[in-house]
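The values are calculated or read from the model by the stated rules, or taken from the named source; none is laboratory data. All values derive from a computational prediction rather than experimental measurement. Cβ coordinates were reconstructed from backbone atoms using ideal geometry, including for glycine residues, and neighbour counts include every protein chain displayed.
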Amino acid sequence: MWHSPLACARARTVCARFCSTPRNKDFHTDWDSATAGFVAAFRGSIGDDTDDARSVELVDELSQASERFRALWARHDIGRLEGGTTTINHPVVGPVRFNRDKLPVGDPILVVYYPDDDSDAAEKLRMLASLSNAAPSDQAQLSAPPPSTLSGPAAPSRQAES
């Protein structure tokens with residue numbers, strides 16, 4: 001699976017971004033389990049071919065780029081690419097829960113994310129779609145996350161000075 005140059009390049013890009021980009025921890029509410037699953041699936045896809053030059057190079061490169069990858073790789077967990085659910089923290093609409101299906105299509109894997117019908121997530125996606133058609137000034141007004149997604153004590157309100 002990871003033996004072609006294209007597959008190695010994709011894996012390198014996805015894993016490096018996913019495991020070592022700090023904002024992904026905030027974006028993915030299940031970041032710990034998602035990164036663990038990704039690395040376990042990568043290890044599982046290599047199988048017994050641990051001496052393959054491209055795989056060794058990729059593991060070395062990812063281990064240098066990401067402490068998280070290095071720790072997960074050292075666990076020797078083996079997994080499969082599976083579907084499931086994931087929740088992201090969108091900067092405009094807050095948490096959005098998706099179903100996730102992973103479908104092998106030859107060498108690449110097609111990952112499909114979709115909300116349940118008539119769910120809060122489906123409504124949030126409709127809202128985001130309508131924003132993509134909105135005027136830039138309307139989009140700027142909606143760039144902050146909704147108050148319900150902010151954690152911690154409420155910000156003090158500002159009162160006009162008399």
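Brief remarks follow.
- Residue count for the range 30-50, restricted to those that are modelled with pLDDT of 80 or more and assigned to a loop (DSSP other than H, G, I, E, B): 1
- Every pair of residues 6+ apart whose Cβ atoms lie under 7 Å, when the first sits in the range 75-104 and is touching a residue at least 60 places away in the same chain (Cβ under 8 Å) while the second is in a loop (DSSP other than H, G, I, E, B) and of a type in the set (Asp, Glu): none
- The range 61-85, subset small (Gly, Ala, Ser) and surrounded by fewer than 14 Cβ atoms within 10 Å (Cβ to Cβ), residue farthest from TYR113 (Cα to Cα): ALA74
- If you go through the range 25-60 and pick out every residue that is surrounded by 14 or more Cβ atoms within 10 Å (Cβ to Cβ) and of a type in the set (Ser, Thr, Tyr), you end up with 4.
- Candidate set: the range 51-89, residues that are part of a helix (DSSP H, G or I) and hydroxyl-bearing (Ser, Thr, Tyr); chosen: the one nearest to LYS102 (Cα to Cα): SER55
- Among (1) more than 30 Å from SER45 (Cα to Cα); (2) surrounded by 13 or more Cβ atoms within 10 Å (Cβ to Cβ); (3) at pLDDT below 75, the one test that SER119 misses: (3)
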